[in-house]
């Protein structure tokens, strides 16, 4: 049976995901160290404001405010016994925003239940077992489904063991599943998996994800490099690109991302050329950036598949800080900065 994500993709060709929940909640008053998930019951209107802004900017998919919604993450805020409540509340907020937008515009959008890492290490490095992890993810997924999520969006993962546990947990709901990993350590996840390795691993998952891809990481150039590797390894997959809005920098004690709307528009067309069919933003991305992505892809016919020289020309040299570009020496970070200044 065709799932809702596949159905909407077939109708529209590509889909626009949203941007950063955390970045936008900080702008609305969330303090560093506080739990965003508690805002689903303490400040639901502020969370809804973020969803509405992304929908008005052109998002076809909005992610719930539940990135840290497992009991393992919520225990940091003494809320580990509120998993069902907080996840259902988050999905309900997103559901309300999506349904109201559809009623006003006639345009359908989907609610994706965000499922992030537990923050725990698996045995033998830590105490987490596949069974306990899967149970925690199943608990979160059930809450998201109860609140009205259309699909489940497993994101920012670095370990294949955690991906497998998250998929097993999410599967109890019967909802479509999307999986994205974060490649931020010399073109690998923190636990050493390459984008191509992820594509091969994803093909073994049961149930099979409706889409796979990359999110977060370093910057748009690295994200595009990862997408090229995933689409080469899995040419038949629906691929998600959800890149950070430039490179994070500390400015006056705050983390600021240097990506402009124009740069995110260029990134969107490049990853679409690389084969991504779902495109959005991650850390630092506001509704302004998502609107630039949506406008850049409206009516856009993907061009030739880019090579790494094209990625470097448009976004700067990926992995410049480690001197890596497809195994070659690409120069030092000063060249990366020059490329980024020209782009901005």
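Each reported figure results from applying straightforward, stated rules to the coordinates on display, with no laboratory input. What you see is a predicted model, and the numbers here were worked out from it, not measured in a lab. For neighbour counting, all protein chains shown are included, and Cβ atoms are generated from backbone atoms with ideal geometry for every residue, glycine included.
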Checklist entry - Where does helix 220-233 land angle-wise versus the long Cα axis of the chain, in degrees 0 to 90, nearest 10? => result 80 degrees
Item to check | Full-extension gain in nm, residue 76 to residue 121, via 0.36 nm per residue minus C-alpha separation | outcome: 14.7 nm
Checklist entry - For the pair residue 250 and residue 232, how long in nm is the line joining their label points, each one 7 Å along Cα→Cβ? => result 3.6 nm
Checklist outcome for this item: Highest GNM mean-square fluctuation among 193, 297, 205, for the chain with Cα springs under 10 Å, belongs to 205
Checklist entry - Under 12 Å from the 7 Å Cα→Cβ point of residue 135, by amide nitrogen: which residues of region 56-70? => result none
Item to check | For the chain, radius of gyration divided by Kirkwood radius, i.e. Rg to Rh on alpha-carbons | outcome: 0.94
Checklist entry - Viscosity 1.002 mPa s, temperature 20 °C: Stokes-Einstein D of region 97-213 from its Kirkwood Cα radius, in µm² per second? => result 144 µm²/s
Item to check | In nm, spacing of pseudo-spin labels at residue 196 and residue 301 (7 Å Cα→C-beta vector) | outcome: 3.2 nm
Item to check | Acute angle (nearest 10 degrees) that the helix 333-343 long axis makes with the longest principal axis of the chain, alpha-carbon atoms | outcome: 80 degrees
Checklist entry - Which percent, to the nearest 5, of DSSP beta bridges fully inside region 4-306 are antiparallel? => result 15 percent
Item to check | Alpha-carbon centroids, region 140-168 and region 286-309: separation in whole Å | outcome: 27 Å
Checklist entry - Can you work out the FRET efficiency for the pair residue 204 and residue 146, with r the C-beta to C-beta distance and R0 = 25 Å, to the nearest 0.05? => result 0.30
Checklist outcome for this item: Least to most buried among 114, 158, by other C-beta atoms within 10 Å and fewest first, runs 158, 114
Checklist entry - How far, in degrees from 0 to 90, does helix 83-105 lean away from the longest principal axis of the Cα atoms of the chain, to the nearest 10? => result 70 degrees
